[in-house]
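The values are calculated or read from the model by the stated rules, or taken from the named source; none is laboratory data. Only a predicted model underlies this, so the values are computations on that prediction, with no experimental measurement involved. Cβ placement follows ideal geometry from the backbone for every residue including glycine, while neighbour counts extend to all protein chains displayed. Heavy atoms of the whole protein, side chains included, go into the accessibility calculation; ligands, DNA and RNA do not. Shrake-Rupley method; radii C 1.70, N 1.55, O 1.52, S 1.80 Å.
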Amino acid sequence: MCQDKSNNNIDSSKWTVHDTSQNCSFLPTIGVTLLLGWNGILSFITLYTLIVVSKRERLFILLPPRWPGPMGRQIGWWMITQSEKYFGLKAIVENEQELLKVSVGNRGTIFAMEPHDVIPIAAFSFSPVISRIPGDRNVCFLVSSGVFRLPFLRQIYSWAGSLPVDKETFLSRLNAGKALAFVPGGVHEILMLNKKKPRDLVLYLRNRKGFIKLALQTGSPSVPVFGFHLDGSYRLCWLPRGKLMETYYSRWAGYFPLLYWGRLNILQGIPRPNKLTVVIGQPIHVPKEGSEVSRESVDKYHGIFLKELEALFERHKEMEGYGDIRLKIV
């Protein structure tokens with residue numbers, strides 16, 4: 001059943017708001033199933049690929065990620081527009097003029113979104129297909145490089161316009177004056193999910209400073225982004241613990257082989273149609289330090305980013321029904 005949450009406690013007249021009417025009917029559900037349904041069988045695809053995949057099926061892995069070219073892109077665009085309807089995406093831009101200035105200046109920009117939750121389903125909101133980012137920005141969402149080693153998933157995410165999250169991709173886009181988006185807390189935030197403490201929203205950011213260093217190296221502004229209502233889209237069922245899984249497997253694969261309940265309480269199903277809100281804060285400008293980035297600068301601007309992200313959450317939490325939620329940064 002579609003959800004419609006509203007709260008008028010905050011005056012949003014100074015913000016730019018794009019609100020999509022929610023539609024959880026057949027076609028939007030099919031679109032979300034194509035875009036996100038594969039994640040539910042990610043672990044099984046991995047094991048199948050490593051153990052029993054045939055030579056003929058291995059050829060599919062070797063096909064270019066964007067195969068079959070224009071047709072794949074059309075499928076990706078359709079999946080994203082249907083996802084926008086399914087989740088009834090509401091995008092709030094706090095300072096459109098500042099983002100337009102960055103866009104006009106063709107400066108590389110880092111949109112850092114939190115939280116990750118089970119799956120960062122709000123990633124589609126950065127797609128240029130639905131134009132939620134001010135300016136003519138072809139924002140690319142970076143995802144775990146592990147998915148680009150798996151059949152089907154590598155095509156699905158490529159069709160949706162994603163690239164692997166690594167240093168090479170970061171620098172390539174930023175140096176070219178292009179924008180990117182990613183979740184700095186990464187898959188490690190899944191370990192922070194605690195069913196016994198549902199009012200705690202934990203972000204794994206205290207030591208995530210690499211993107212700030214790259215921002216300083218290229219002189220690229222970073223923009224804090226917060227996604228509301230990702231929590232509850234899935235209900236966590238089982239999460240493997242231990243050093244082997246938490247350290248080695250997650251680094252190699254880029255995800256955890258967890259179990260969760262989706263829509264209609266289907267195991268590994270598609271997410272429930274929670275109405276998503278993505279709030280885009282103001283850009284944090286940094287100096288360009290080139291290859292000589294100092295630790296002091298990294299610590300300074302990382303601290304500013306954490307402060308701005310927390311303030312972004314606090315400004316919008318009441319309106320989004322998060323008044324009793326505690327944000328913790330570890």
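What the table shows:
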{"item": "Rg followed by Dmax, in Å, when segment 119-266 is reduced to its Cα trace", "result": "16.2, 47"}
{"item": "Three-way shape label, segment 145-210, alpha-carbon gyration tensor, a/c 1.5", "result": "oblate"}
{"item": "Accessible-area value, Leu267, 1.4 Å probe, nucleic acids and ligands omitted, Å²", "result": "80"}
{"item": "DSSP-defined beta bridges in the chain - what % are antiparallel, rounded to 5", "result": "40"}
{"item": "Carbon plus sulfur fraction of accessible area for segment 90-143, probe 1.4 Å, in percent", "result": "45"}
{"item": "Stretch gain in nm, segment Asp299-Trp261, where the contour uses 0.36 nm per residue and the Cα spacing is subtracted", "result": "9.8 nm"}
{"item": "Residue-level accessible surface for Met71, protein heavy atoms, 1.4 Å, Å²", "result": "120"}
{"item": "Per residue, in Å², the accessible surface of segment 91-214 once ligands and nucleic acids are set aside, probe 1.4 Å", "result": "40"}
{"item": "Gaussian network model of the chain, springs between alpha carbon atoms under 10 Å - residue of Leu306, Leu230, Leu153 with greatest fluctuation", "result": "Leu306"}
{"item": "Net length gained if the chain between Leu244 and Gln97 were fully extended (0.36 nm per residue, minus Cα distance)", "result": "48.2 nm"}
{"item": "Area projected by the alpha carbon convex hull of segment 119-174, averaged over all directions, nm²", "result": "4.2"}
{"item": "Candidates per trypsin sites (Lys or Arg not before Pro) in segment 171-280, loop by DSSP, up to 12 other Cβ within 10 Å", "result": "Lys195, Lys196, Arg199, Arg206, Arg241"}
{"item": "Cα centre as origin, Lys/Arg/Asp/Glu Cβ charges: segment 75-200 dipole, Debye", "result": "220"}
